[in-house]
Structure formats: C-alpha cells, structure tokens
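Below: the structure, in structure tokens.
Nothing in this text is a laboratory measurement; each read-out follows from the coordinates by a stated rule. The model shown is predicted, which means the values in this text are computed figures rather than measured ones. When we count neighbours, we look across all protein chains shown, and the Cβ atoms used for this are built from the backbone with ideal geometry, even at glycine.
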Amino acid sequence: MGIKVAVIGAGTMGHALALVFALGGHEVRLTDSSMATLDKAGSLMETALETLVVAGEAPREADAEWLHQAVTRLPVLAEALEDADLVLEAIIEQPEAKRALFAEIDRLAPAAAIIASNTSYLDPFPLIPAARQDRALIMHWYTPPYLVDLVDIVGGPSCDPAVVTFAVEFCRAMGKRPVVMRKFVPGYIANRVQSAIALEVQKLLDEGVATASEIDTAIIEGISLRLPILGVLAKADFTGLAFTQTSLANRMYEPPPVRGKCDAVDALVAQGRTGVMAGAGFYDWPGETADVLEDRDRRLLALKRALRQIGTMAGEGREA
C-alpha cells in the first residue's frame, strides 16, 4: 500500500526521485521554490519514464498522463507537506538553506511524518529541530535513482530504530538496495571511494600524464570490468591478501592530498564548460540535454540487464 511522499527540490535528484516513488506506487507531491525548475521537471520525468517503459523496466500503462496523476507538482510548500507520511529534502548543500527548510518542515508537516535528507556531504542532523530528531534520517540516493539501486540509510543520533527499519523496507519494496550505515560520514561509502579515485585522476590530469579520454579508457577497460562482479574486497581475495599486504608495504608513492581544487576543472569552469547541462565539460555533449540523458539511461539499462544475468561474486562467499 502506497504512502504520501513529499519531495522538496525538483532539480537533478528531486524530479528523478519523484519518478521512483511514483513507480513504487506512492502518492507523490513535488515542490520547488523555482517555477522554472518545477516546469522542467515534468518533461525530464516524462523522458526518463519513456526510456524505462521501452526497456521493459516500467509498466506500459505508465504513460505521461499516468505520471502527472501520480506526481503532483506544487509551488507552495505547505500544500506539498499536507498529510505527508514521508518528507524527503533534496535541495542545495548549504547549511543555512537546509536549516531554514527544516524549520519550515517542522512548522508545516504532520507530527508523525518521517523527515529524510538526500544530503551527500553535509551532516543534516544538527540542522533539524529537536522535536523531529526521533523521526529524522538520511536516505541518500545516486543519480539517476530510477536506475541506480543503491540507497544509503543513516539514522540520526536519536532516531527511532523502527524508522530506520521502515526506510529499509520502503526501499526494498521498490527494488532498491539499501545499505544501513552505523553513523554518518560525509560521502558515505560509494562517494568516498569515488572521491579517492577522483583525486588520483585530477592529479594525473594536472600533471599532464594523460588526457581525459585516455584516463577514462583506462578506468573503463581496466577497473570497471571487474568492479561490478567482484567489488573491491572480493577482488582482493582473488588477487591474494598476501600480495595486497606486500603491495601496501612496498608502496612507492603517497595518495594525492586533498587540494580543494583541480587546475583542469577550474579552467573548464572558467570557459563555461560545466558539464552535460551546459552542453560541454571534459567532453562536448551536443544536442538536447534530455536526449543526452536518455542515451546515458539506455546504456545503463542495458548494462543493468546484463549484470542481472551475470550475477555478482561479492558477498557470495562467507564473510570473515
């Protein structure tokens, strides 16, 4: 049985989460302080939904008309929060913006509502009013959430364990793969590992070791082939932990420090090449943004289907 979900923030993550919850059979209200963002969210959801339907990942009756009945876009926060069972904020990662929003949620949302944050690196719990702490948690999704199944779940310091259990079951019922973390750490697991890779990549770029295309080729043809099947720790078992131990002892260089900047990135941003949404970043992305996103989704879906057939070895053995 579906619940009433309010999604606050209709940008990159918010509109996609609204689609996930609608496909999960829930009544969704999507709100944003920007009418332009809220308007654009409709077409982006339609494009993503069509891709899922064509791929057989969503029912054929899930058309644009169904979508706009399942997801109500509302410019007024109070209307979106009325009778909500779950409130998920997906706004900008700025402490004061989140603090102000949580205060409004506290004022407007039902007392029994669960308050969830999609925050990536910012600890939201100090920003949430004390009266809401027992029903506050993090539900962090990855883009695009209608394709990437991982969800990080972190209960707040005073969160009722039953709320965490609800979040896990809520995600699993939609076919997602929740990972419950014992405490909040910025970036969680996947993003922290990805950030470590990004630091090394940025160092290679700034030192002129290889081009963006050459680096991506090395990652796709080398690391990425094994990661979906083995993960990192199962792969270490196959390599041999004695070898890993020796490699650590013989390490010939230090990992890149966190510089807080990358010269290659700074140069691109200065040129207005800020990524897919701008039509260019490290690569040129000509055409409509929706078409580029659709092409990405189509390829991810094909990979996801293949991985379902292949299966994973990580977690198949008994954990030590």
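Brief remarks on what is shown
- Neighbourhood charge, 15 Å Cβ-Cβ cut-off, centred on Leu301 and excluding it, Lys, Arg +1 and Asp, Glu -1: 0
- Each 20 Å bin from zero holds the following percent of Cα-Cα pairs in the chain: 27, 58, 15, 0.
- Nearby lysines by direct alpha-carbon distance to Lys176 (threshold 28 angstrom, same-chain neighbours under 8 apart not counted): Lys4, Lys40, Lys98, Lys235, Lys304
- If the convex hull is drawn through the Cα atoms of segment 4-180, its volume per residue in Å³: 99 Å³
- Loop-located GluC sites (Glu not before Pro) in segment 258-320, at most 13 other Cβ atoms within 10 Å (DSSP): Glu288, Glu316, Glu319
- For segment 196-248, trypsin sites (Lys or Arg not before Pro) are listed when DSSP marks them as loop and at most 10 other Cβ atoms sit within 10 Å of their Cβ; the list is empty.
- Modelled this way, with points 7 Å down the Cα-to-C-beta line, the labels at Ser224 and Ser33 are 3.6 nm from one another.
- GluC sites (Glu not before Pro) within segment 1-65: DSSP coil, no more than 15 neighbouring Cβ in 10 Å: Glu61
- For segment 257-262, Karplus couplings with θ = phi - 60° (6.51, -1.76, 1.60), whole Hz, Gly/Pro x: x, 7, 8, x, 6, 9
- Taking label points 7 Å from Cα along the Cα-to-Cβ direction, Asn250 and Ala198 give a separation of 3.3 nm.
- Under the span-like rule (Cα at least 27 Å along the axis, Kyte-Doolittle mean at least 0.0), DSSP H helices of the chain: 35-54
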